[in-house]
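What follows is one structure encoded as structure tokens, with my remarks underneath.
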Amino acid sequence: MAILEVRDLNLGFNCENGFKQALYDVSFSLERGKMFALVGESGCGKTMSAMSILNLLPKTAVIKSGQILYNGMDLLKYSNKEMQKIRGAKIALIPQDPMTSLNPLYTVGDQLLEVLKTHQGLEGKEAYKKAIEAFDMVQIPCADSRLKSYPHEFSGGMKQRAIIAMALACNAEILIADEPTTALDVTIQAQIMNLLREIKDNMNTAILLITHDLALVGENTDDVSVMYAGRIVESAPVQEFFQTPNHPYSVALLNALPSNKGDKLETIIGHPPTIQQEISGCKFHPRCKFCMDICKKDVPNMFAVGEKHFSACFLNK
Ligand code: SF4
């Protein structure tokens, strides 16, 4: 059973020129011990979907409808106070830039101990032991002395490990990793992804990976959904997605991957629309080489193209 289920989420922003919708009927689920990827170009709505789960949306955002079920309970009905108990403790964010979560004025150890006090009620020797265990789990060497370091004394990869340690120390059931390796070099990127895979396998954690990088998805995740202009346009188990992608946008993304290029690397012509641009029908139609008349008028529903494989494209009608 899914530990978290986002159901038909519709969200938008109150702008000067009226309400502008940013997410359309977004649905996906996370399972224990699995890594699920939400993929798309920047501005497609993947981070907004993740921030909805944590109730960390900008003030101008409005959720029009939908549900976010965590262990069957709708988080959208939770107060800010109730969400504070869930955020960081049960559902933790691993951000693109770890410095957004670490305070440069306090040692990493002090920050980890504070998290343990707030979320686990642990203090003194018990908390310190747990902090050491958490650093060991994320393979930060010399945990005892490293806990006394300030964030600026850590490399980018070590800061990310420290953030992950804070989540593990609280026994977080869900990790939301928002482009967690974008700021890191390739070797460290692989180490952090290995660590996330080990956590999901050994601790049965559910992981939501937000990324624009399909190469990361292929190597690390179990299931994937592709977003375009605020909608999920394709969902599939990862192997099936890479072997038989269906939606023209997914195919274009895969053809733009260096490892799949063959002789020539394809690029996707044009840009995704902003939320201010109103596009009728399938929002990918101005960029789609298979565009038909119906695509300009109607929004395609999800069509089943495999047992667990769905694609929102009229080519499947
Ligand atoms: Fe292209 Fe039409 Fe499919 Fe949209 S619905 S991806 S425009 S073929």
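Just so you know, all these numbers are worked out from the coordinates, no wet-lab data involved. In this text the structure is predicted, and so the values were computed from the model without any measurement. Reconstructed Cβ throughout: ideal geometry from the backbone, glycine too, with neighbour counts over all protein chains shown.
Just a few scattered comments:
- Amide H partners (placed H, <5 Å) of Val305, local residues excluded: Phe310, Ser311
- Too-long pairs where the Cα-Cα distance tops 30 Å, listed order kept, from Lys34/Lys289; Lys85/Lys159; Lys20/Lys289; Lys81/Lys308: Lys34/Lys289; Lys81/Lys308
- Within a Gaussian network of the chain (alpha carbon springs, distance under 10 Å), most fluctuating of Val238, Val186, Val226: Val186
- From least to most packed, judged by other beta carbons within 10 angstrom and beginning with the fewest, Phe290, Phe36 follow the order Phe290, Phe36.
- The stretch 126-228, relative contact order [Cα under 8 Å, separation at least 6], %: 25 percent
- Karplus 3J(HN,Hα) series, Hz, for the stretch 266-278 with 6.51 cos²θ - 1.76 cosθ + 1.60 (x for Gly, Pro): 8, 10, 8, 5, x, 10, x, x, 7, 5, 6, 8, 9
- Extension gain, Lys64 back to Met83 (0.36 nm per residue minus Cα-Cα distance, nm): 4.9 nm
- Over the stretch 242-317, relative contact order from alpha-carbon pairs under 8 Å, at least 6 apart, %: 24 percent
- Rounded, prolate or oblate (a/c below 1.5 giving rounded, otherwise prolate when a/b exceeds b/c) for the stretch 104-211 by Cα gyration tensor: oblate
- For the chain, averaging the sequence separation of C-alpha pairs within contact (under 8 Å, six or more residues apart) and dividing by the residue count gives a relative contact order of 21 percent.
- Here the stretch 35-84 yields Rg over Rh of 0.97, to two decimals, using C-alpha coordinates and the Kirkwood radius.
- Positive minus negative residues near Ile268 (Lys, Arg vs Asp, Glu; Cβ under 13 Å): 0
- GNM top mover of Leu116, Leu56, Leu38 - the chain, alpha-carbon springs below 10 Å: Leu56
- Looking at the chain alone, DSSP beta bridges between its own residues are antiparallel in about 60 percent of cases.
- Across Lys46/Lys283; Lys296/Lys317; Lys148/Lys200; Lys283/Lys317; Lys77/Lys200, pairs whose alpha-carbon gap is larger than 21 Å: Lys148/Lys200; Lys77/Lys200
- Stokes-Einstein D for the chain, Kirkwood Rh over Cα pairs, 20 °C, 1.002 mPa s (µm²/s): 104 µm²/s
- Taking other C-beta atoms within 10 angstrom as a stand-in for reagent exposure, Leu75, Leu57 fall in the order Leu57, Leu75, fewest first.
- When the chain is treated as a GNM with alpha-carbon contacts under 10 Å, the residue of Ser49, Ser225, Ser29 showing the greatest mean-square fluctuation is Ser29.
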